[in-house]
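A.B. asks: I have a structure I would like to understand better, so I am pasting it below and will then ask my questions one at a time.
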Amino acid sequence: MKICDQFRELIQAYALGALDAEDRAAFEAHLATGCSDCAKTVEEARWLVSQLAYLAPEATPPDMLKGRLMQTVREEARQPRIAAPSKTGIPFWMWAGVAALVVLSLYSALEAGRLRVEIHDANERAAAILRERQQLQEQLAVAKREAMIVTDPASVKIPLAGQDPQAPQLEAKWHSQLGICVMGHNVPMPAANRVLQLWLIPKAPGAKPMPSMTLRPDPDGKLVLLVSNPPESMSETKALAITEEPEGGSLQPTTTPRWVGGVG
Amino acid sequence: MNQRDVSPDATLVTRLLQKDVSSFEQLYDRHSRIVYALVLRILQQASTAEEVVQDVFLQLWRNAAHYDPSRGPFVPWLLTLARNRALDHLRLKSERQRRREDQAEELPPVASAPDYEKALDEKRRAERVRALMTSLAPQQKRAIELAYFEGLSHSEIAAALKEPLGTVKSWIRNGLLRLKEGLQATT
């Protein structure tokens, strides 16, 4: 395969993301000219670079991670499909920037490379803003849901008594449609690498506690936990309990409950 | 999709488009270990790694249509997505302005598998990659690891290792070419 000699030495490092800005701009300007040989070699180099992942020491993700993911995925699968956002939602200036890049590429490869770097920077900032906005929207949705559970007269109040006399009493409210909200103040911080985990204790004889969400109180000791999709209905649950577990949570309780409250 | 890639992964990803939860679970079971291992190696912190891995798989669930099986195998695409997310996290945390080849893109670009890709199964290829990289000089291997796992550029690596820039460039290029030749030699 013919590869442009002056860029031959840059391809591997480009795929690795190791080129400094100047080399990177020059190489991208070359790619923008439509060099299919270099583009093809870059694609193969990306595959090669991806193989470096196998240098990472082997590690197994905690089971709770899969549990959380599957819970989210099942919830989303039940929801009506939402149309993908239209490309017209992308700011006009961004498209204008791309168009400008194309024009300038024809006029001057070097100038095009410089402009592309600037667009990358702008994209980075835009992506960061979008991520932050999405996080805020998610936090707002959670806060609204918590408020609805707490204020709705249909919610069932469940006091959670601390097993340690010094521990503050927590309170849960369970709404059959909106979920469970557990709240408390002055909650002692678990040890490092430990979290608090909520359990649903089934009424059925011999049934094992159902693992639920994990969290840590904030630095002021405030604790608010939302379970948006309880796995069991209220009538099948005897009690709620909270234990201290290793970070990532456990499939079965490994410590004595610190708080317990009967349901119904 | 054409007939180039009819791997189980390609079939499972296609089913994701119909929001098939079972296919998602199978993809997670097949690839979560290497994705988690990669992200943990980059971020060095279990709780943050879990957050990023969750983000990666939710991205896959919500945007499966962005992966085109006809343009390249799935696992390199997923690993590139995971690496980008982890390095973004690392970069945002340290507020360092690094530039990477694919940083501005929401999802990874194409990674075309070479002809020798199917010569070894994933497990044997992983062993071969480790063996080939271990055969490099320690500083050369370190330079490639700094680029891949920490997102450093040539000049940043040269500064970190206190070596001339030209030496670092040669180490990385020759190291990757040796890896390529070593994997080719298995065919």
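The values are calculated or read from the model by the stated rules, or taken from the named source; none is laboratory data. The model shown is predicted, which means the values in this text are computed figures rather than measured ones. Every residue, glycine as well, gets a Cβ built from its backbone with ideal geometry; the counts of neighbours run over all protein chains shown.
A.B. asks: Going by the conditions given, is A:M148 surrounded by fewer than 18 Cβ atoms within 10 Å (Cβ to Cβ) and over 28 Å from B:Q45 (Cβ atoms)?
C.D. replies: Yes.
A.B. asks: Of a type in the set (A, V, I, L, M) and more than 10 Å from every other protein chain (Cβ to nearest Cβ): which single residue out of B:L58, B:L12 fits that description?
C.D. replies: B:L12
A.B. asks: To continue, here is another question. State whether one or more residues within region A:229-242 are β-branched (V, I, T), more than 14 Å from chain B (Cβ to nearest Cβ), surrounded by fewer than 19 Cβ atoms within 10 Å (Cβ to Cβ) and in contact with a strand residue (DSSP E or B) (Cβ under 9 Å, 6 or more places away or on another chain).
C.D. replies: No - not one qualifying residue is present in region A:229-242.
A.B. asks: What's the total number of residues in region B:56-83 that are of a type in the set (S, T, N, Q) and closer than 19 Å to A:Q134 by Cα?
C.D. replies: Of the residues in that region, 2 qualify.
A.B. asks: Sticking with this one: Go through (1) within 18 Å of B:P76 (Cβ to Cβ); (2) free of Cβ contacts under 8 Å to residues at least 12 places away in the same chain for B:F149 and report which single condition fails.
C.D. replies: Here B:F149 meets the rest and fails (2).
Condition check ((1) at the interface with another protein chain (Cβ under 8 Å from one of its Cβ atoms); (2) modelled with pLDDT under 95; (3) touching a His at 6+ places or on another chain (Cβ under 9 Å)) across all residues:
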| site | (1), (2), (3) |
| --- | --- |
| B:D5 | no, yes, no |
| B:K19 | yes, yes, no |
| B:F24 | yes, no, no |
| B:L40 | yes, no, no |
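A.B. asks: Kindly evaluate A:Q177 against the criterion of being among the polar types (S, T, N, Q) and part of a loop (DSSP other than H, G, I, E, B).
C.D. replies: Yes.
A.B. asks: Quick one: would you say B:T80 is part of a helix (DSSP H, G or I), within 21 Å of A:M70 (Cα to Cα) and among the hydroxyl-bearing types (S, T, Y)?
C.D. replies: Here the answer is no, as B:T80 does not meet what is asked.
A.B. asks: Let me ask you something else. Can you confirm whether region A:106-124 contains a residue that is within 27 Å of B:S47 (Cβ to Cβ) and either without any contact (Cβ under 8 Å) to a residue 12 or more places away in the chain or out of contact with any helix residue (DSSP H, G or I) (no Cβ under 6 Å at 6 or more places or on another chain) (or both)?
C.D. replies: Within region A:106-124, one or more residues are within 27 Å of B:S47 (Cβ to Cβ) and either without any contact (Cβ under 8 Å) to a residue 12 or more places away in the chain or out of contact with any helix residue (DSSP H, G or I) (no Cβ under 6 Å at 6 or more places or on another chain) (or both).
A.B. asks: Got a sec? Which helices (runs of 4 or more DSSP H) wholly within region A:1-80 have at least 2 residues that are more than 20 Å from B:L87 (Cβ to Cβ)?
C.D. replies: A:5-8, A:21-32, A:36-50, A:63-78
A.B. asks: A follow-up question, please. Among the residues of region A:31-47, write down those that are hydrophobic (A, V, I, L, M, F, W, C) and touching a Cys at 6+ places or on another chain (Cβ under 9 Å).
C.D. replies: Correct list: A:L31, A:C35, A:C38.
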